[in-house]
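*Asks:* Sharing a structure, written as structure tokens. Questions coming.
The values are calculated or read from the model by the stated rules, or taken from the named source; none is laboratory data. The structure presented is a predicted model; accordingly, all values stated were derived computationally and were not measured. Here the Cβ positions follow ideal geometry from the backbone for every residue, glycine too, while neighbour counts run over all protein chains shown.
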Amino acid sequence: MAAMVLGAIGLITSIVFIGGLFGVIGLVLGIVALRTAKRSGIGWGMSVTGVVTSFIAIVVSILVAVFMVWYADKTQQCYQLDSFRQYEQCVHQQLTRD
């Protein structure tokens, strides 16, 4: 049960990086729950759900981090501008140029 809840929380919060941490904890608990479910025969579905959602949360967190690094690299010269309008135009130019 805890793995499924942490996996779901991790998935929801994965866009702000902490979802990856919840995902790792959920993945560990899910794997432990899978082993327990294999012996007892109870809770298999929740364990699998916890492992899957935790894994997805980790992947989404990694993709968000990669995107943020890419975006920061592409737009780093735009951070010194005085107004948001100038920043917006600079970002547009940086992202649309080949």
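*Asks:* Can you name the residue in region 34-47 that is without any contact (Cβ under 8 Å) to a residue 12 or more places away in the chain and not in a helix (DSSP H, G or I) and is also surrounded by the most Cβ atoms within 10 Å (Cβ to Cβ) among such residues?
*Replies:* Within region 34-47, the match that is surrounded by the most Cβ atoms within 10 Å (Cβ to Cβ) is ILE42.
*Asks:* Condition check: under 11 Å from the mean Cα position of the chain (by Cα) and within 30 Å of LEU95 (Cα to Cα). Does VAL66 satisfy that?
*Replies:* Against the criterion (under 11 Å from the mean Cα position of the chain (by Cα) and within 30 Å of LEU95 (Cα to Cα)), VAL66 qualifies.
*Asks:* Looking at (1) in contact (Cβ under 8 Å) with a residue 40 or more places away in the chain; (2) assigned to a loop (DSSP other than H, G, I, E, B), which is the one condition that is false for ASP82?
*Replies:* Against the list (1) in contact (Cβ under 8 Å) with a residue 40 or more places away in the chain; (2) assigned to a loop (DSSP other than H, G, I, E, B), ASP82 comes up short only on (1).
*Asks:* Tell me, which residue of region 4-33 that is in contact with a Leu (Cβ under 7 Å, 6 or more places away or on another chain) and within 9 Å of THR53 (Cα to Cα) is surrounded by the most Cβ atoms within 10 Å (Cβ to Cβ)?
*Replies:* GLY26
*Asks:* For ILE56, are the conditions met, namely being in contact (Cβ under 8 Å) with a residue 40 or more places away in the chain and either under 18 Å from MET1 (Cβ atoms) or not small (Gly, Ala, Ser) (or both)?
*Replies:* Considered against the rule, which asks whether it is in contact (Cβ under 8 Å) with a residue 40 or more places away in the chain and either under 18 Å from MET1 (Cβ atoms) or not small (Gly, Ala, Ser) (or both), ILE56 comes out as yes.
*Asks:* Still on this structure, I have one more. Hey, among GLY23, GLY50, which residue is touching a Phe, Trp or Tyr at 6+ places or on another chain (Cβ under 9 Å), closer than 10 Å to ALA3 by Cα and without any contact (Cβ under 8 Å) to a residue 60 or more places away in the chain?
*Replies:* Answer to the selection: GLY23.
Residues are listed down the side, and each one gets a yes or a no for (1) touching a helix residue (DSSP H, G or I) at 6+ places or on another chain (Cβ under 9 Å); (2) modelled with pLDDT of 85 or more; (3) part of a loop (DSSP other than H, G, I, E, B); (4) of a type in the set (S, T, N, Q):
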position	(1), (2), (3), (4)
THR53	yes, yes, no, yes
ILE56	yes, yes, no, no
LEU63	yes, yes, no, no
TRP70	no, yes, no, no
LEU95	yes, yes, no, no
